Amino acid sequence: MSETPVEKQPSAQQPPAKPAAKAKPPKPEDKPFPEFIDTLFLPAVAKQLAEHDITADRLERVDGQRPVVGGECPMVIGELPGGRRFWVCFSKADINSSKVIALADPGSEPTLLESFLIDEKRMSLPLLVSRLLQRLNGQKWLGSN
């Protein structure tokens, strides 16, 4: 007699479940706007300025009147030694929102708003910091170039 194969009954034990994928920590850019600016952007800008032997007299996030044209907006205001000032204004409290920058030499008020980072689809901390420093360097505010 030939033996007929016996179907295996499913075991009462389930195969071990795969461990749940660890949730990726949020990207720095996904942090709420105030937290991103205060805990990441401002310290990174201060560090980059320090590499040029510059300590900002003021570097802070505020909600205030946009220079030149007015209108309430979130912005970063910086004052460098010697009275040079800059404003990075956001259209809303979102680092991916449209941005403008204004600059003022000592003893003067800003007279021009320039578009800032308009071609970038997704903003990142390194990009935002490097382009601000690049713009300040273009004014020759970071030393001789």
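The values are calculated or read from the model by the stated rules, or taken from the named source; none is laboratory data. These figures come from a predicted structure and were not determined experimentally. Neighbour counts run over all protein chains shown; Cβ positions are idealised from the backbone, glycine included. For the accessible areas, the whole protein counts, side chains as well, though only heavy atoms, and no ligand, DNA or RNA atoms are used. Shrake-Rupley method; radii C 1.70, N 1.55, O 1.52, S 1.80 Å.
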Say whether the condition of being at positive phi and modelled with pLDDT under 95 is met by at least one residue in segment 74-94.
yes
Could you list, ordered by first residue, the pairs with Cβ atoms under 6 Å in which the first is in segment 46-71 and touching a residue at least 12 places away in the same chain (Cβ under 8 Å) and the second is open to solvent by 50 Å² or more (accessible area, probe 1.4 Å), at least 6 apart or interchain?
Asp57/Glu79; Arg58/Glu79; Arg61/Asp38
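So which of Leu49, Leu59, Leu42 is within 21 Å of Trp141 (Cα to Cα) and touching a Ser or Thr at 6+ places or on another chain (Cβ under 9 Å)? Write out each step before concluding.
Numbers: Leu59 fails: touching a Ser or Thr at 6+ places or on another chain (Cβ under 9 Å); Leu42 fails: touching a Ser or Thr at 6+ places or on another chain (Cβ under 9 Å).
Going through Leu49, Leu59, Leu42 in turn, the sole match is Leu49.
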Tally up the residues in segment 134-145 that are open to solvent by 20 Å² or more (accessible area, probe 1.4 Å) and part of a helix (DSSP H, G or I), please.
4
